[in-house]
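Below is one structure, written out as structure tokens; the observations come after it.
What follows draws every value from the coordinates through simple rules; no lab data is involved. All of these numbers come straight from a predicted model, not from anything done at the bench. Every residue, glycine as well, gets a Cβ built from its backbone with ideal geometry; the counts of neighbours run over all protein chains shown.
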Amino acid sequence: MIKMEKSHRSSDVDETRARIKAAIEADPKAGTMDLARQFGVGRDSIRRMRQIILGGNSVYDRRLAVIPDGKILSELCAEGIEMEKDGLSPEEAAANLQISRKVYRHGRDILLLANNPNLGAADKAKARAAVAAMDGTKRVFAAYDDVVPLIQKMWGAARGAPHDSRRLARLIENYMHAVVVFAEGAEQMQNLEVPYLSEMDRTRARDDLKRAKIAVEGAIKRLNGGVR
């Protein structure tokens, strides 16, 4: 289990929000994805910022996590993770820790993300920054927004799916199975004798193989963007 710093300058978070607000106000039609990439945050962060601006609210008005005095959120979540290993549900762990279920689930996911040994250097730095931010500012939901794409990559985007080691192992197994099946099929295809085909069938087969090549190249590109 990694040990995170217990302090974090909330001014960095507030500065990012202020810059996003200024960009949206300067160009209200700016694309959500473009802004997310520009500022290195999740798309949900941009969407919520738009809602805050449209509602006339302060960009700094974010709910603070309520936790017992003298406690550090990441440390509480680490305790909760151990409770879950012993058979408690996330709801029971949150109750034992005296924090809300939503705060625990968000904080736990951020901590589990940061502790994933397979993260690349850039993703690990971002996850660690989110842990430091939720500890220092108690704005766990804002910290969560900043790493939503990584969390979805880790456990999938399906609603209601459990965020635990079994879920992660199942996603990895499914991915590797799909890779093996595709690779074996491609090898068999390479060794097939081409029968006498009409020009129409040749064209169709050629187009399908080109689509497969583009798909493989895209899959390899995404794979290279993961573990290094």
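Under the definition of Cα pairs under 8 Å and six or more residues apart, what whole-number percent is the relative contact order of the chain? Relative contact order, the chain: 22 percent. Counting only residues at least eight positions apart within a chain, or on another chain, the lysines with an alpha carbon under 30 Å from that of LYS124 are LYS3, LYS6, LYS21, LYS71, LYS85, LYS102, LYS138, LYS153, LYS221. Computed over the chain, the per-residue total of -39500 (n - 2.57) for DSSP H runs of n ≥ 4 gives a 222 nm mean residue ellipticity of -22500 deg cm²/dmol, rounded to 500. Dipole size of segment 165-224 about its Cα centre, with +1 on Lys/Arg Cβ and -1 on Asp/Glu Cβ: approximately 480 debye, rounded to the nearest 20. Principal-axis analysis of the Cα atoms of the chain puts helix 43-54 at an angle of about 50° to the longest axis. Among the chymotrypsin sites (Phe, Trp or Tyr not before Pro) in segment 163-222, those located in a DSSP loop and surrounded by at most 15 other Cβ atoms within 10 Å of their own Cβ are TYR196.
Per-residue extension of 0.36 nm, minus the Cα-Cα distance of GLU193 and ILE172, leaves a gain of 4.1 nm for this segment. Label segment 114-228 by shape, choosing from rounded, prolate and oblate, from the square roots a ≥ b ≥ c of the eigenvalues of the Cα gyration tensor; if a/c is under 1.5 it is rounded, and otherwise prolate applies when a/b is larger than b/c, oblate when it is not. Judged from the Cα gyration tensor, segment 114-228 comes out prolate (a/c at least 1.5, a/b above b/c). Just check segment 10-155 against the gyration tensor rule for me: Cα atoms, a ≥ b ≥ c as the square roots of the eigenvalues, rounded for a/c under 1.5, and otherwise prolate or oblate depending on whether a/b exceeds b/c. In terms of gyration-tensor shape, prolate. When the Cα positions of PHE141, MET189, ALA78 are compared along the charge dipole of the chain, PHE141 comes out farthest toward the positive end, with charges on each C-beta of Lys, Arg, Asp and Glu.
For segment 106-203, GluC sites (Glu not before Pro) are listed when DSSP marks them as loop and at most 10 other Cβ atoms sit within 10 Å of their Cβ; the list is GLU193.
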